[in-house]
Each structure stands twice: as structure tokens, then as C-alpha cells.
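Shown next, in C-alpha cells, is the structure this report addresses.
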Amino acid sequence: MKITIFNDAGQKPQLFNWDGAIDVRDLSTWFEKRKLKIPQDLFDFYCTTGGGTIFEGETILGPYGNKNLGDDLEGMNKYHWEKGMPKNYLIFHTGLDLTVIDMNTFEYIVLSKDYHSLSIYESLDEWYINHLRNEYASRYGLK
């Protein structure tokens, strides 16, 4: 799996605090039990990292993220669904903004605070490069 975020984590590991790898079967069961669907690249990313915190408080919500910190995928999404976020959206990133997966199209969508689309990406790598990395690369000297 070629994902730029892993290259950056290799360059500057102190900026990437992963929650820990998740077994493929356990992760599949977790998503199936909750009737949630995500694209394969995000699934593979969770298998490798479990989610975590990157840069200055950007959080990739994980299935087993810390509930007390609001870093858990399930709790954060329940909260936003109750606030009116469309049920086909699954938040996987919080920080500068919210990023969701549209569970019908598997598009990566950056949302405004009122759940309107600001930008759309086709893959996790495209989202990371053009959204988060674009914001932080020069600040942290990522090549």
C-alpha cells in the first residue's frame, strides 16, 4: 500500500502517534457489527495504524480510539449524526475540520461545521496530500 502519510511518518516519526495495528478479522467484525462501510485504503490504513494523532492535534479517529478524548470512531460519529450530519457520512478525521467517508460513494469529503462539502477526494492518499500535508509539510520540513 503506497500512502504518502507512511513516508512522512518515516521522515518525522515524532509527528505521528498511532493507536496501534488492528487485526484484519477483528477490524472486519467491528465494521460489520456496526453496519459501517469504508473504502479499502482506509481499512488497510486502520489495520496498520489503528488511527491516531498527527501534526498539531489532527486526529484520525480509530475504532478503538480513546473515548475520553473523543478519538473513537463510533462515539464521534454518533454525536455528529445526532447533530444532523447525514447518516451516510462517517467521520474519520477531526482537527482543522471534519473529514468523512461517504459510505455510499466512498468519496473522502472535507466538511464545513454545518456538514456541507468543502472539497472531495478520491482516495486517502489524495486527501492526505492535498489537504493535511498541504497545510503542514513546509512547517515541518517534509520532503
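The values are calculated or read from the model by the stated rules, or taken from the named source; none is laboratory data. Just so we're clear, the structure is a prediction, and the values are computed from it rather than from any experiment. Please note: Cβ atoms are built from the backbone with ideal geometry, for glycine as well, and neighbour counts cover all protein chains shown.
May I ask you to verify whether PHE92 is among the aromatic types (Phe, Trp, Tyr), under 18 Å from LEU111 (Cβ atoms) and outside any loop (DSSP other than H, G, I, E, B)? Give the steps one after another, and end with the answer.
Details: among the aromatic types (Phe, Trp, Tyr): yes; under 18 Å from LEU111 (Cβ atoms): yes; outside any loop (DSSP other than H, G, I, E, B): yes.
Yes.
Out of the residues in segment 23-76 meeting the condition of being in contact (Cβ under 8 Å) with a residue 24 or more places away in the chain and hydroxyl-bearing (Ser, Thr, Tyr), tell me which one is farthest from TYR136 (Cα to Cα).
TYR64
Just name the residue that is nearest to GLY57 (Cα to Cα) out of those in segment 106-136 that are among the small types (Gly, Ala, Ser) and surrounded by fewer than 16 Cβ atoms within 10 Å (Cβ to Cβ). Steps first, please.
Here is the first cut: in segment 106-136, the residues among the small types (Gly, Ala, Ser) are 112, 117, 119, 123.
Those still in the list that are surrounded by fewer than 16 Cβ atoms within 10 Å (Cβ to Cβ) too: 112, 117, 119.
Values: SER112: 18, SER117: 22, SER119: 21 Å.
Selected residue: SER112.
Return yes when GLU107 is within 24 Å of ALA137 (Cβ to Cβ) and at pLDDT below 95 and no when it is not. Quick ask: steps written out before the conclusion?
Numbers: within 24 Å of ALA137 (Cβ to Cβ): yes; at pLDDT below 95: no.
So GLU107 fails the test.
If a residue counts only when it is modelled with pLDDT of 95 or more and among the aromatic types (Phe, Trp, Tyr), which strands (runs of 3 or more DSSP E) contained entirely in segment 1-89 have at least 1 such residues? Write out each step before concluding.
On the way: elements: 16-18, 52-54, 58-60.
In segment 1-89, the matching strands (runs of 3 or more DSSP E) lie at 16-18.
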